[in-house]
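The values are calculated or read from the model by the stated rules, or taken from the named source; none is laboratory data. Because the structure is predicted, anything quoted here is derived from the model rather than measured. Counting neighbours? That spans all protein chains shown, and the Cβs are built from the backbone with ideal geometry, glycine included.
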Amino acid sequence: MAVRIQTEDFDIGAEIAQLRRANPKIGAVASFVGVVRDVNDGDAVAEMTLEHYPGMTERSIEDIITQARGRWKVFDALVIHRIGTLRPTDQIVLVIVTSSHRGDAFAACEFIMDYLKTRAPFWKKESTPSGARWVESRATDDIAAERWRLKG
């Protein structure tokens, strides 16, 4: 289990290869990559700045991964989340999960991402033609995370 908060970009292929490390028990690798869009809520976005609380953020994400490992048969998981100023097409977040079977890997990856969107302490500010604005949480993200609570 690894969590990295960083300004630098990441190489998806290299990160997957490192997580697998030629482990013959791994039968599935599921991943998700979040990318900065050039539009949000109908407005053009020139850049996005992500902030966080060092230490608190990593602990929060580690807890999310621990919860996923308690629900599904997961060998390992990695979350990389970038901070700082990012532009459209830049990668923001990477979640990778390894497991024996695809069902566990897919579910754990989706769970981690849903909980990252709603529970990890990140703040996003977008630069738009009408000025800078903080990105509000979305009801759809809360609904996505809530379904996992209902599945106990």
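Here are the numbers:
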read-out	value
Residue match in the stretch 61-82 (condition: over 12 Å from the mean Cα position of the chain (by Cα) and at positive phi)	no
Some residue of the stretch 122-129 being at pLDDT 90 or above, surrounded by 13 or more Cβ atoms within 10 Å (Cβ to Cβ) and within 15 Å of the chain's Cα centre (by Cα)	yes
Matching residues in the stretch 68-86 - criterion: being part of a strand (DSSP E or B) and within 25 Å of residue 46 (Cα to Cα)	80, 81, 82, 84, 85, 86
Set 7, 89, 85: member being under 15 Å from the mean Cα position of the chain (by Cα), among the hydroxyl-bearing types (Ser, Thr, Tyr) and either exposed (fewer than 15 other Cβ atoms within 10 Å of the Cβ) or closer than 19 Å to residue 122 by Cβ (or both)	7
Identity of the residue in the stretch 36-55, farther than 16 Å from residue 6 by Cβ and touching a residue at least 24 places away in the same chain (Cβ under 8 Å), that ends up nearest to the chain's Cα centre (by Cα)	37
Cβ pairs under 9 Å, 6+ apart, first in the stretch 87-100 and assigned to a strand (DSSP E or B), second of a type in the set (Ser, Thr, Tyr)	94/31; 95/31; 96/31; 97/31
Matching residues in the stretch 89-114 - criterion: being over 15 Å from residue 26 (Cα atoms), of a type outside the set (A, V, I, L, M) and in contact with an Asp or Glu (Cβ under 9 Å, 6 or more places away or on another chain)	89, 90, 91, 114
Enumeration of residues in the stretch 34-60 that are exposed (fewer than 15 other Cβ atoms within 10 Å of the Cβ) and under 30 Å from residue 100 (Cα atoms)	35, 59
Residue in the stretch 61-81 that is farthest from residue 112 (Cα to Cα), counting only those that are of a type in the set (Gly, Ala, Ser) and crowded, with 19+ Cβ neighbours inside 10 Å	77
Pairs with Cβ under 8 Å, 6+ apart, first in the stretch 18-29 and in contact (Cβ under 8 Å) with a residue 24 or more places away in the chain, second in a loop (DSSP other than H, G, I, E, B)	20/26; 25/100; 26/100; 27/100; 27/101; 28/100; 28/101
Residues that are farther than 22 Å from residue 126 by Cα, hydroxyl-bearing (Ser, Thr, Tyr) and surrounded by fewer than 24 Cβ atoms within 10 Å (Cβ to Cβ), drawn from the stretch 92-116	100
Residue in the stretch 111-121 that is modelled with pLDDT of 95 or more and of a type in the set (Val, Ile, Thr) present	yes
